[in-house]
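The values are calculated or read from the model by the stated rules, or taken from the named source; none is laboratory data. All figures in this text were calculated on a predicted structure; none of them were measured in a lab. Neighbour counts are summed over all protein chains in view; Cβ atoms, including those assigned to glycine, are modelled from backbone coordinates with ideal geometry. The accessibility values were calculated without ligands, DNA or RNA, using every heavy atom of the protein model including side chains. Shrake-Rupley method; radii C 1.70, N 1.55, O 1.52, S 1.80 Å.
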Amino acid sequence: MTFVTRFAPSPTGYLHRGHAYSALTAFEAARVTGGRFLLRIEDIDATRCRPEYEAAILEDLAWLGLNWEAPVRRQSEHLADYEAAIAGLRDRGLVYRCFKTRKEIDIGRAPHEPAIAYVGAPLGADEEAQRLARGEPFAWRLSLAAAREALGGFDHLSFLEEGADGSSPRTVQALPETAGDIVLARKDVGVAYHLAVVHDDALQGVTHVIRGEDLFEATHIQRLLQALLGLPTPIYRHHGLLTGPDGKRYAKRDKAQTLRELRASGVSAQDLRAELGFS
């Protein structure tokens, strides 16, 4: 089996050290195994994704010395694929329309508390028809209850998790209940992250998903989607996250120093690679 992995950034800002570390980790894993490295642009968030950020991603990765197969898959160009997957789940009664806003779901939650793992249920036919007739926006949510019934429970769902250094994998029991009834299609676009990433990893033949440990919990619900959609399950490897001098992990929202800024300040790609532990 050929080793296939990918780096899948969202063009909602410029790349920083943390992105560079993740991209290099995946790229080097493919290189040492004689495998394939893919770049995928996850640009379904039309309100935040910008062409200039995508152009910068390509420039920054090339500067780091990475190369990837063409063509690059851009999720915004394949919305019909995801809509078809949603339609299949809808026909099986595995998703339902949710008209609630995030504010309504979060009522009673303190600002410092984690987001609620929402579990709901379809509306009655009459109420749903009335709300649709009024043009109220809705999202498609996965029904955990329907999924559990369709699969005969979740106890048989698991995935393989490699060590951060690629060492022998261990079996992890999937616990999709912790995520609740996740949104599979947002109100403003016909898909959401979990469905798109599961669909594309299977379509592109990804055998190893290498990404930051902040996405480990997402694997549980993604394993459930793979089972519902009849898709293969890749091997996972979640690496540690880089932190800055303040101990916080690098993040776009915290305005972490970007690769463009590093380059402009005179830092070479070789310098950065060495700093991150790559030759």
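May I ask you to list the residues in region 162-179 that are assigned to a loop (DSSP other than H, G, I, E, B) and either in contact with an Asp or Glu (Cβ under 6 Å, 6 or more places away or on another chain) or surrounded by fewer than 13 Cβ atoms within 10 Å (Cβ to Cβ) (or both)? Outline the logic, then answer.
Going through region 162-179, the residues assigned to a loop (DSSP other than H, G, I, E, B) turn out to be 162-169, 174-175.
163, 165, 167, 168, 169, listed by residue number.
Looking only at residues that are polar (S, T, N, Q) and closer than 22 Å to residue 272 by Cβ in region 1-25, which one is least open to solvent (accessible area, probe 1.4 Å)? Reasoning before the result, please.
The initial filter retains those residues of region 1-25 that are polar (S, T, N, Q), namely 2, 5, 10, 12, 22, 25.
Checking the rest, the ones that are also closer than 22 Å to residue 272 by Cβ come to 5, 10, 12, 22, 25.
Numbers: 5: 0, 10: 42, 12: 30, 22: 17, 25: 18 Å².
Step by step, filter region 1-25, then rank; the result is 5.
Every listed requirement among (1) open to solvent by less than 40 Å² (accessible area, probe 1.4 Å); (2) at pLDDT 95 or above; (3) among the β-branched types (Val, Ile, Thr) is met by residue 189 save one, (2). Of all residues in region 180-217, those being within 14 Å of the chain's Cα centre (by Cα), assigned to a helix (DSSP H, G or I) and among the aliphatic types (A, V, I, L, M) number 6.
Could you list, in sequence order, the residues of region 227-248 that are surrounded by fewer than 18 Cβ atoms within 10 Å (Cβ to Cβ) and closer than 15 Å to residue 17 by Cβ? If the condition is that a residue be surrounded by fewer than 18 Cβ atoms within 10 Å (Cβ to Cβ) and closer than 15 Å to residue 17 by Cβ, then 240, 241, 243, 244, 245, 246, 247, 248 are the ones that fit.
Looking only at region 160-189, which residues are over 19 Å from residue 122 (Cβ atoms) and among the small types (Gly, Ala, Ser)? Selection gives 163, 164, 166, 167, 168, 174.
I need the helices (runs of 4 or more DSSP H) fully contained in region 32-124, keeping only those with at least 1 residues that are β-branched (Val, Ile, Thr), in contact (Cβ under 8 Å) with a residue 60 or more places away in the chain and surrounded by 14 or more Cβ atoms within 10 Å (Cβ to Cβ). If you could, list the steps in order and put the result at the bottom.
Working: elements: 51-63, 79-91, 102-105.
Here the list reads 79-91.
Across region 251-279, the qualifying residues are those that are farther than 30 Å from residue 205 by Cα and at pLDDT below 85, and the one among them that is least open to solvent (accessible area, probe 1.4 Å) is 256. Kindly indicate whether any position in region 228-244 is within 21 Å of residue 73 (Cα to Cα) and part of a helix (DSSP H, G or I). Within region 228-244, one or more residues are within 21 Å of residue 73 (Cα to Cα) and part of a helix (DSSP H, G or I). Answer with yes or no whether residue 28 is out of contact with any Lys or Arg (no Cβ under 9 Å at 6 or more places or on another chain), charged (D, E, K, R), part of a helix (DSSP H, G or I) and surrounded by 15 or more Cβ atoms within 10 Å (Cβ to Cβ). Here the answer is yes, as residue 28 does meet what is asked.
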